[in-house]
Amino acid sequence: MSKPVHVVGGGLAGSEAVWQLARSGVPVVLHEMRPVRQTEAHKTGSLGELVCSNSFRSDEWETNAVGLLHEEMRRASSLVMRAADTHKLPAGGALAVDREGFAAAVTQTLEDHPLIEILRREVDGLPPAEWDSVIVATGPLTSPALASAIKSLTGEDELAFFDAIAPIVEHESIAMNVAWLQSRYDKKGPGGGDADYINCALDETQYCAFVDALLAGEKTEFHEWEKSTPYFEGCLPIEVMAARGVDTLRFGPMKPVGLRDPKTGRRPYAVVQLRQDNALGTLWNMVGFQTKLKHGEQLRIFRMIPALADARFARLGGIHRNTFLNSPRLLDGELRLKARPALRFAGQITGVEGYVESAAIGLLAGRFAAAEAMGRSIAAPPPTTALGALLTHITKGADQATFQPMNVNFGLFPPLSESDARGRDRKKLMAHRAIADLDVWLGRKAAAE
């Protein structure tokens, strides 16, 4: 192992891949262009920078596929999950994190490891031939120069979609005499709290006026070449949802079910929920309020929400273009580019959606590259696991002709037999099967019955 493995990109996938390599005893060079060259969404030079505190979503492994992925990654010694658990915030059944503390922990861990060298520079083309093993983890905001080089190598048309960022509100500016604290259905989170969200109610008249304003608000103009790019359905801008029908938001991010306004004792007509975004509790994220409204319009329209009439915004919403590969056509089962096997890909550029899924693919790419560097063979994780289900989907399970980004979900897992599933909780059975199979793959004693 005289030559190191090179990892391009220091987001969650790249950071996780670097960690998996180094902890296996393999030297690594991490190439990260920030802060020398920033992206449209990032603000710092920290490794593993997040743009949303609830990027990890549900943490309930027996009932939710992303929660199961959390648990599998923890068992696989994930740096990303270790940092997330250390810097988690109250968020009901979700895993929300202090973004600054999380990124600082990831950065410090990688900077301190003796087998890791970090170079702050842009890789503006295909990696040189003398790099025997490379993991490209440049994410959905891959630099145009590198994206063009990859496109030339693969011969594939570029696939892309828009991803939008939700605004963040200063807590002191929220009218708490109008809003109230409550988790949906008073559901207790990992910390035991049942009031992890600030709820901002609207009556029917206020809601209809709000929807009308969203539809009429001035939107960000796109370049001509961007106009045919589809949105990812799991992260639609709020005004795009509103355009689908007046009640769409009431059955989506503004749904009032499971909530009760203490002032009336009744369920409100519609609700905007805010989730804590930092450890101090001074910043709160507008849940599901991704937007492409112009900044001035955001200030005007979001202040129509009664509890946010005087809101101060620490960050307004935004939108950026994401790029991903047609992985089922281009990558093999170990995430290597078929046209150039020295190159592996990891993270959102492979067509998984979400920070957790991106880090998970980084974990697998790091393990595959480490085994290869040490002259060992490694089997892919079983498709019955969340890790294996994701890998199988992006490398061979999805239709090449219609491939689109995908979050982890139980629909990607092999079904249970009818005799096993009859009259029982299918998700729980799948989750326990996954943990048992994962522990065998990791060489551990199975921990699930």
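Within a Cβ distance under 14 Å of His70, other residues only, what is the Lys/Arg minus Asp/Glu net charge?
Once positives and negatives cancel, what remains is -3.
Counting Lys +1, Arg +1, Asp -1, Glu -1, what net charge surrounds Ser173 among other residues with beta carbon under 15 Å of its beta carbon? Local charge sum for Ser173: -1. Taking every alpha-carbon pair in the chain and binning the separations at 20 Å intervals from zero gives 25, 56, 19, 0 percent.
Shown for the range 284-358: the carbon plus sulfur share of the solvent-accessible area, taken with all protein chains present and a 1.4 angstrom probe, equals 52%. Of all the options Ala389, Ala401, Ala242, the one that moves most in a Gaussian network model of the chain with Cα springs shorter than 10 angstrom is Ala401.
Starting from the Cα-Cα distance between Leu416 and Thr264, subtract it from 0.36 nm times their residue separation and give me the gain in nm to one decimal.
Difference between extended and current length: 50.1 nm.
A simple rule links phi to the HN-Hα coupling: the Karplus curve 6.51 cos²θ - 1.76 cosθ + 1.60 with θ = phi - 60°, which for the range 390-397 gives 5, 4, 4, 4, 7, 9, 7, x Hz, with x for Gly and Pro. Straight-line reach only, C-alpha to C-alpha below 28 angstrom: list the lysines that Lys292 could link to, leaving out same-chain residues fewer than 8 apart. Qualifying lysines at Cα under 28 Å: Lys43, Lys151, Lys219, Lys227, Lys255.
Here the Gaussian network model covers the chain, with springs between Cα atoms less than 10 Å apart; of Thr291, Thr384, Thr63, Thr63 fluctuates the most.
Of the residues Val136, Val66, Val51, which exhibits the maximal mean-square fluctuation in a Gaussian network model of the chain defined by a 10 Å Cα contact cut-off? Answer for the Gaussian network model of the chain: Val51. Take the alpha carbon gyration tensor of the range 286-410, find the square roots of its eigenvalues, order them as a ≥ b ≥ c, and report rounded if a/c is under 1.5; if not, report prolate when a/b exceeds b/c, else oblate. Because a/c hits 1.5 or more and a/b exceeds b/c, the range 286-410 counts as prolate. In this structure, Asn177 and Thr205 have a Cβ-Cβ separation that, at R0 = 25 Å, corresponds to a calculated FRET efficiency of about 0.80.
Within the accessible surface of the range 1-155, defined with a 1.4 Å probe on protein heavy atoms only, the carbon and sulfur portion equals 50 percent. Over all orientations, the range 94-207 has a Cα convex hull whose mean projected area works out to 13.5 square nanometres.
Order of 405-414, 83-92, 9-18, 172-181 by packing, highest average Cβ count within 10 Å first?
9-18, 83-92, 405-414, 172-181
Checking the Cα-Cα distances for Lys187/Lys396; Lys338/Lys427; Lys3/Lys338 against a 29 Å cut-off, the pairs over it are Lys187/Lys396; Lys338/Lys427.
Figure note: Arg426, Arg300 ranked by solvent-accessible area, largest first, 1.4 Å probe, ligands and nucleic acids not counted: Arg300, Arg426.
The values are calculated or read from the model by the stated rules, or taken from the named source; none is laboratory data. Since we're looking at a predicted model, the values are computed, not measured. Please note: Cβ atoms are built from the backbone with ideal geometry, for glycine as well, and neighbour counts cover all protein chains shown. Please note that ligands, DNA and RNA were not included when accessible areas were found on the heavy atoms of the full protein model with its side chains. Shrake-Rupley method; radii C 1.70, N 1.55, O 1.52, S 1.80 Å.
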